[in-house]
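Working notes for the structure below.
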Amino acid sequence: MASQDQIILAPTMAPYMNLDQGKNVQVMYVWIDGTGEGMRCKTRTVDFEPKLPSELPVWHYDGSSCGHADGGDSDVYLKPVAIFRDPFRGDPNKLVLCDTEYYDGRVTHTNKRRRCVDVMEKAKDHHPWFGIEQEYVLLDHSKPLCWPKHGFPGPQGPYYCSVGSGNVFGRPIIEAHYRACLFANIKIAGTNAEVMPSQWEYQIGPCEGIEIGDHLWMSRFILYRVAEEFGVSVTLDPKPVAGNWNGSGAHCNYSTQAMREDGGLKHMYDAIEKLSKRHKEHIRLYDPNGGKDNARRLTGKHETSSIDNFFAGVAHRGASIRIPRPCSVAGKGYLEDRRPSSNCDPYDVSYAIVRTTIIDDGWAD
């Protein structure tokens, strides 16, 4: 699973990580690169323990090496926006998620957070809550972890929420990620093995407003770092293996205060009606390539709806929007938008849902 260098390196790190760092604090600045999917990071030392992102200085990086600028004017600014405990270096060290912007205040093309903040501010009286189910696949080089070198594992069926060495692969990575997120104070709600072998899911939420994007992005960063230490890779590709295998999504559970209260089912159906009229706009925002990635996943098969059609249903896993059976019975709760791809930008997803269901201004992206 891991290379010889990684096997040797991991245990030798312990004595160095236990050295006294005095009054110094290591702060790792984390940002989204020019692909809209990749993440970058670098660390600086400060002489105090920051409690708020606003206490940290604005920094910069080489945008020409991250897809955000050319070499003739390459400095792009890092503006701290969300702060977390660092599960790799331990307290008092921090991870900080950053906005990326140019010297004149313009945001980079992959900084979707700024406009999401604006929409969430307008909708704050409705108290929009989100929970995102992040699916992903563990890779050993270019193939799913523990798959046969030649051929395929047995067909799907025994792997979902499974137990046992013949059915589940990579559980130590999942457990390490789960605990690391809890340490970082990320709102991780749970995890489970998924339908395809070596495919997993964890859930972030419930989060209100902009928090869903901040927590999901940082949870992804922590997942990449944990997998790095195990010598494996993570793919968020929505269809990493062609053929009769499930793809990966990021189903988004959503509710407003009115939906969560008695009589909320009516408000859920009102939201679904609005979502039905903006299907194409949402599809364009539900993966980083304008719907091209999701076209491989949303085929109407393997527990997905068709990318070309919109429909809603109760307890229907082939629907665009699913109302869970317990919510239908209770007459209140939340709806699940099953269209977002696993590599979606959660800022775009939450922006689109709130813009359509609450702002309702006939927008087109």
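The values are calculated or read from the model by the stated rules, or taken from the named source; none is laboratory data. Not measured: the values here are computed from a predicted model. We place every Cβ from the backbone using ideal geometry, glycine too, and count neighbours over all the protein chains shown. We work out accessible area using only protein heavy atoms, side chains counted, and drop any ligands, DNA or RNA first. Shrake-Rupley method; radii C 1.70, N 1.55, O 1.52, S 1.80 Å.
When ranked by the protection proxy of mean other Cβ atoms within 10 Å per residue, highest first, what sequence do the peptides 346-352, 122-128, 285-291 form?
The peptides rank, most packed first, as 346-352, 285-291, 122-128.
Rounded to whole Å and sorted largest first, list the principal axis extents of the Cα atoms in region 179-322.
Extents along the principal axes, in whole Å: 47, 37, 26.
Can you give the helix-only mean residue ellipticity at 222 nm for the chain, where every DSSP H stretch with n ≥ 4 adds -39500 (n - 2.57) and the sum goes over all residues, rounded to the nearest 500 deg cm²/dmol?
Helix contribution divided over all residues of the chain: -8000 deg cm²/dmol.
Stick to the Cα atoms of region 190-260, pair each with every other, and give me the Kirkwood hydrodynamic radius in Å at one decimal.
14.1 Å
Which lysines, on any chain, are close to LYS280 with Cα under 29 Å apart, when same-chain ones fewer than 8 places away are left out?
Filter leaves LYS112, LYS122, LYS124, LYS239, LYS266, LYS292, LYS301, LYS332.
Can you compute 3J(HN,Hα) from phi for each residue in region 91-102, using the Karplus curve 6.51 cos²θ - 1.76 cosθ + 1.60 with θ = phi - 60°, rounded to whole Hz and x for Gly and Pro?
5, x, 6, 9, 10, 9, 7, 10, 6, 10, 8, 8
Of the heavy-atom accessible surface of region 174-222 (probe 1.4 angstrom), what whole percent is carbon and sulfur?
Looking at region 174-222 in its full context, I get 52 percent from C and S.
With the dipole of the chain worked out from charges on the C-beta (+1 for Lys and Arg, -1 for Asp and Glu) around the Cα centre, which of ILE353, GLY90, CYS161 lies farthest toward the positive end?
Among ILE353, GLY90, CYS161, the one farthest towards the positive end of the dipole of the chain is CYS161.
In region 226-365, with Lys and Arg counted as +1 and Asp and Glu as -1 at Cβ, which of these residues, VAL329, PRO340, THR235, has the Cα nearest the positive end of the dipole, that is, farthest along it?
It is VAL329, whose Cα lies furthest towards the positive end.
With all protein chains present and a 1.4 Å probe, how do THR43, THR299, THR235 order by accessible area, largest first?
THR299, THR43, THR235
Under the Kirkwood approximation for Rh and a Cα-based Rg, what ratio Rg/Rh is obtained for the chain?
With Rh from the inverse mean 1/r over Cα pairs, Rg/Rh is 0.97.
Which ³J(HN,Hα) values, rounded to whole Hz and listed in residue order, are derived for region 334-351 from phi using the Karplus coefficients 6.51, -1.76 and 1.60 in 6.51 cos²θ - 1.76 cosθ + 1.60 with θ = phi - 60°, glycine and proline given as x?
8, 10, 10, 8, 8, 7, x, 7, 4, 9, 5, 8, x, 5, 5, 5, 5, 4
For region 1-135, what is the charge dipole size about the Cα centre, in debye to the nearest 20, if Lys and Arg each add +1 at the Cβ and Asp and Glu each add -1 at the Cβ?
300 debye
What FRET efficiency, computed as 1/(1 + (r/R0)^6) with R0 = 45 Å and r the Cβ-Cβ distance, is obtained for PHE311 and ASP75, rounded to the nearest 0.05?
Efficiency computed from Cβ-Cβ geometry: 0.40.
With a 1.4 Å probe and all protein chains left in place, how much accessible area per residue does the chain have, in Å²?
That works out to 45 Å² per residue.
Just how large is the dipole of the chain about the Cα centre, in debye to the nearest 20, putting +1 at every Lys and Arg Cβ and -1 at every Asp and Glu Cβ?
The calculation lands at about 860 debye.
Pop out the ³J(HN,Hα) list for region 18-24 in order, Karplus 6.51 cos²θ - 1.76 cosθ + 1.60 with θ = phi - 60°, rounded to Hz; leave Gly and Pro as x.
Per residue, the Karplus-derived 3J(HN,Hα) values read 8, 5, 5, 9, x, 8, 7 Hz.
What does the net charge come to around LYS124 if you take all other residues with beta carbon closer than 13 Å to its beta carbon, with K and R at +1 and D and E at -1?
-4
Give me the distance in nm between label points sitting 7 Å out from Cα along the Cα-to-Cβ direction at SER276 and ASP360, one decimal.
If labels sit at SER276 and ASP360, their model points lie 1.5 nm apart.
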